[in-house]
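Notes for the one structure printed next.
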Amino acid sequence: MEALKEELKNKIITTLNLEDIAIEDIADNDPLFGDGLGLDSIDALELIVILDKDYGIKLVDPKEGKSIFQSIETMAAYISANRTK
Amino acid sequence: MTKKTYINGVGCISTQKTFDTVFLEEAVVNTTETVLSIVSPVYKDYISPAAARRMAKGVKNGIVASALAMKDANVENVDAIITGTGLGCIEDSEKFLKNILDNNEEFLTPTSFIQSTHNTVGAQIALSLQCKGYNFTYVNGAVSFESALLDAKMQIEENEANSILVGGVDENGEYTLSLFKLAGRIKKENDLPSNILNTTSTGVVYGEGASFFVLENERKDSTYAEILDVEIRNTLEENEIESELITFLKVNNLEISDVDAVVLGFGGNIESDVYYKNLAENAFAKTPQLYYKHLSGEYDTASAFALWMASKIIKTQDIPEIVKVNSVTKPVYNIILLYNQVNGKNHSFTLLSK
């Protein structure tokens, strides 16, 4: 699980071009949207693509995204439980 | 009455250090590479990191160059933004297309698509200035910038706008450059070191950059020059150039002897530089001749770098040695003519006066 969290942080920093942010700046429970990392709706689409492309998870209900993408912790838990690759 | 058009502010990001400098005092000629990259400013000084993270290189350079021009002209907003670009945000276009191919048309994300359109630069500048006025982007090969300039001049003359931000911007994209190399548009490595004025090979040294100008309908303390005229001709034969230029000058009540300096777009391609060589050796033999693509590299909107250079010369009355083709001098540099073409097509004449 810890390795997955680290992997996710790396992917988020690279895919979303968060140039000024290092892995250690993102706490597992930091909110990804709003006050935390400050991601926006375009980033949300990028995260959905990461789930699909890298872990084989297709989000059928967009409403699910709100709880899945709350933090690295929630993302990692959802991926662990649902990944197909 | 027709209003006059003045260049009241300039900003340039190029393959030379053209920001935080007076005028090309730090310029260096690179003869050992076939592609030149821009000298980057500190983008964070102009764009918040949150906004910059999705911006392509060309967008960032356009925003910085326009911010420099606005600061130089001491204006906080403009009535219109007009941009010229040959290839637009080609880096993100490449990324987007590569994603489509690599992922078999699946998993497409919006970021690089958003940035891949040609009008992204003009749009992002407008967003950063909150300018809701006329916003237009011209994509016309090597006369993209002159098309924008001509539009801006006409808007000011017809009283459609009092102040306009106009600029030319292009960025290098790795895959596009590889295609240009294959097509022979870029010099071969074994034709280096390049010597633009005495070239014996075809192809050019490629470059990139963003040059922006604040045009206004009134002369101010910050004024660099007045834009007297701009003309675009898509096709002209070698033997038509001289008479076309004479006619262009005549329309403006000038003769060749009235021109204090001519800026020629020598690019180092032996086939198309003949257009410039003919003028340099004949009609303009007694005129100070200047060149710039050894500093800026060749790209569709490199002529915007030439306008930046000519504006600086008129304001400072100083011609750096590094841009001189010949040793002819004039006591003053009040009338400057710019002539550019690429591969014998897309000819442009721009006339400036003090």
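Per-structure values
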{"item": "The range B:1-107: GluC sites (Glu not before Pro) in DSSP coil with no more than 14 other Cβ atoms inside 10 Å", "result": "B:25, B:26, B:76, B:105, B:106"}
{"item": "Cβ-based exposure ranking for B:248, B:349, in which fewest neighbours within 10 Å come first", "result": "B:248, B:349"}
{"item": "Cross-link partners of residue B:71 among lysines (Cα-Cα below 16 Å; sequence separation of 8 or more within a chain)", "result": "B:220, B:312"}
{"item": "Whole-number D in µm²/s for the range A:2-82 (Stokes-Einstein; Kirkwood sum over Cα pairs; 20 °C, 1.002 mPa s)", "result": "170"}
{"item": "Spin-label pair residue B:103/residue B:40, simplified geometry with 7 Å Cα→Cβ offset, distance in nm", "result": "2.4"}
{"item": "Net lengthening on full extension, residue A:63/residue A:4 (0.36 nm per residue, minus Cα-Cα)", "result": "18.9 nm"}
{"item": "Lys pairs under 30 Å by Cα in the range B:1-64, provided they are eight or more residues apart or on distinct chains", "result": "5"}
{"item": "Reachable lysines from residue A:63, criterion Cα separation under 28 angstrom, eight or more residues apart if same chain", "result": "A:5, A:9, A:11, A:53, A:85"}
{"item": "Beta bridges per DSSP with both ends in the range B:227-353, % antiparallel, nearest 5", "result": "70"}
{"item": "Leading residue at positive end of dipole, the range A:2-82 (Cβ point charges), from A:10, A:59, A:76", "result": "A:59"}
{"item": "Per-residue Cβ neighbour rank within 10 angstrom, fewest leading, B:176, B:200", "result": "B:200, B:176"}
{"item": "Fewest-first sequence of B:342, B:204 by Cβ atoms within 10 Å of each Cβ", "result": "B:342, B:204"}
{"item": "In range of the label at residue A:80: residues from the range A:1-16 whose backbone nitrogen is under 16 Å from the point 7 Å along Cα→Cβ", "result": "A:1-9"}
{"item": "Gyration tensor (alpha-carbon) shape descriptor, the range B:1-136, a/c threshold 1.5", "result": "oblate"}
{"item": "Distance from the range A:26-56 to the range B:17-72 (C-alpha centre basis), Å", "result": "31"}
{"item": "Relative contact order [Cα under 8 Å, 6+ residues apart], chain B, whole percent", "result": "25"}
{"item": "Partners for residue B:188 among lysines (Cα-Cα distance below 23 Å; same-chain residues under 8 apart left out)", "result": "B:277, B:293, B:345"}
{"item": "The range A:16-85, relative contact order in percent, only Cα pairs under 8 angstrom and at least six apart counted", "result": "34"}
{"item": "Cα gyration tensor of the range B:59-195 - equivalent ellipsoid semi-axes, whole Å, descending", "result": "31, 21, 13"}
{"item": "Candidates A:34, A:65, A:56, ranked by Gaussian network fluctuation over chain A, Cα under 10 Å, top entry", "result": "A:34"}
{"item": "Per residue, the convex hull volume that the Cα atoms of the protein assembly as shown enclose (Å³)", "result": "158"}
{"item": "Cα-based Kirkwood hydrodynamic radius, chain B, one decimal, Å", "result": "20.3"}
{"item": "Modelled FRET efficiency - R0 41 Å, residue B:343 with residue A:17, Cβ distances, 0.05 increments", "result": "0.70"}
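Just so you know, all these numbers are worked out from the coordinates, no wet-lab data involved. Only a predicted model underlies this, so the values are computations on that prediction, with no experimental measurement involved. Positions of Cβ are generated from backbone atoms using ideal geometry, with glycine treated the same way; all protein chains shown enter the neighbour counts.
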